[in-house]
């Protein structure tokens with residue numbers, strides 16, 4: 001299954017080298033047309049008002065994207081939730097629950113915030129209000145969830161790979177046509193430091209579909225390195241000038257490699273798997289083997305990947321497994337974002 005996912009991801013990113021790659025791309029293009037037709041039907045039903053919508057009494061902040069994975073929804077959701085909590089709001093995060101790693105990470109990072117998991121977001125919203133008295137709801141991955149009305153729609157865009165090959169799923173990474181951008185209130189361009197060469201194109205695209213959209217930029221910041229199979233925490237400088245192996249199951253492993261290099265680490269081996277991949281012992285052992293041969297015995301991974309690795313235990317001797325703890329910093333137009341949040345939190 002992992003090999004098939006990797007193959008499809010390769011086609012979606014236009015990594016085409018052989019005849020069968022082009023054949024697969026053609027098939028996926030046809031499937032994209034059916035996907036678009038289904039979306040058009042959904043949009044039509046929405047315009048007719050057939051689908052009933054629910055407006056909670058609590059303020060609702062939606063955080064989402066228009067592409068598949070990699071835009072930073074989880075760290076951004078954590079940042080927003082903490083801000084609302086520290087502003088005196090009773091906060092609940094509604095998470096769909098497709099990735100147990102994200103559930104665990106949200107619960108670990110958001111002390112004093114209710115994390116409610118379930119596909120029925122309306123039921124979760126009602127529970128947040130009636131059982132826990134929450135007056136602020138953060139809808140994680142909410143851009144494609146139409147039934148729950150929101151007070152602000154925040155769209156995250158990955159500066160490293162903003163729109164892929166501009167094709168809809170499954171031929172590309174777009175979950176919806178770019179015209180949906182017109183329904184967003186705010187666009188946050190994440191990883192703006194690594195993807196600075198794409199910023200001009202991103203803002204031009206946003207202007208085509210939504211001239212009035214508010215924008216801001218954000219970067220990831222490493223705040224520590226934590227043992228995956230222990231409790232020790234080291235400063236980011238711990239890996240400076242040290243050779244490391246990277247083991248990830250995320251949408252954008254290239255950015256993680258760039259971040260490790262920015263910390264001074266020297267990646268000498270990479271094991272990249274599809275987003276939310278469940279690692280097998282043999283896969284981890286291969287990373288450990290390379291680490292012992294080429295490095296100082298360090299395997300680095302992300303916080304979400306660490307959740308899945310912990311389920312395997314630690315049969316890997318003295319190899320160090322370190323996850324990079326990150327936070328997201330608003331680096332441009334932070335005042336606009338804060339002002340909008342304050343207007344919600346104070347009403």
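No lab work stands behind these numbers, since they all come straight from the coordinates. Treat the numbers as computed from the prediction; the structure is a model and nothing was measured. Virtual Cβ from ideal backbone geometry, glycine too; neighbours counted across all protein chains shown.
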Against the 2.2 N^0.38 Å scaling, with N counting residues, where does the stretch 221-326 land? I'd like the Cα-based Rg ratio to two decimal places. 0.93
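Tell me the mean residue ellipticity at 222 nm calculated for the chain from its helices only (DSSP H runs of n ≥ 4, each -39500 (n - 2.57), averaged over every residue, nearest 500). List each step's numbers first, then the result.
On the way: 10 runs with 130 residues, N = 347.
My calculation for the chain gives -12000 deg cm²/dmol from helical runs alone.
Below 8 Å, C-alpha to C-alpha, sequence gap of six or more: please give me the relative contact order for the chain in percent.
Once divided by the residue count of the chain, the mean separation gives 18 percent.
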For the stretch 101-165, calculate the relative contact order in percent as a whole number, restricting contacts to Cα pairs under 8 Å that are 6 or more residues apart. 18 percent
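Quick one: if the Förster radius is 35 Å, what FRET efficiency do residue 38 and residue 314 give, using the C-beta to C-beta distance and rounding to 0.05?
Working: r = 45 Å, r/R0 = 1.28.
For residue 38 and residue 314, the calculated efficiency is 0.20.
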What is the spin-label model distance, in nm, from residue 346 to residue 178 if the labels are put 7 Å beyond Cα along the C-beta direction? 3.7 nm
Pulled fully out, how much extra length does the chain show between residue 336 and residue 111, if you take 0.36 nm times their separation in residues and subtract their Cα-Cα distance? 78.4 nm
For the stretch 221-326 the mean separation of alpha carbon contacts under 8 Å (6+ apart) over residue count, i.e. relative contact order in percent, is 37 percent
So which residue, out of 331, 248, 74, gets the largest mean-square fluctuation from a GNM of the chain using Cα contacts under 10 Å as springs? 331
How many nm is it between the label spots at residue 120 and residue 204, if each spot is 7 Å from the Cα in line with the beta carbon? 4.8 nm
Antiparallel bridges, percent of DSSP beta bridges restricted to the stretch 221-326 (to nearest 5): 35 percent
Report the label-to-label distance for residue 20 and residue 286 in nanometres (one decimal), using points 7 Å from each Cα along the Cα→Cβ vector. 1.7 nm
How much length is gained if the chain between residue 54 and residue 10 is pulled fully straight, taking 0.36 nm per residue apart and subtracting their Cα-Cα distance, in nm to one decimal? 11.9 nm
Antiparallel DSSP beta bridges within the chain, as percent of all bridges there, nearest 5: 25 percent
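Take every Cα-Cα pair in the stretch 2-48 and report what % of them are more than 16 Å apart.
Numbers: 545 of 1081 pairs.
Roughly 50 percent, rounded to a whole number.
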Projected area averaged over all directions for the convex hull of the alpha carbon atoms of the stretch 1-112, nm², comes out at 10.0 nm²
Top mean-square fluctuation among 30, 137, 78, Gaussian network model of the chain, C-alpha springs under 10 Å? 30
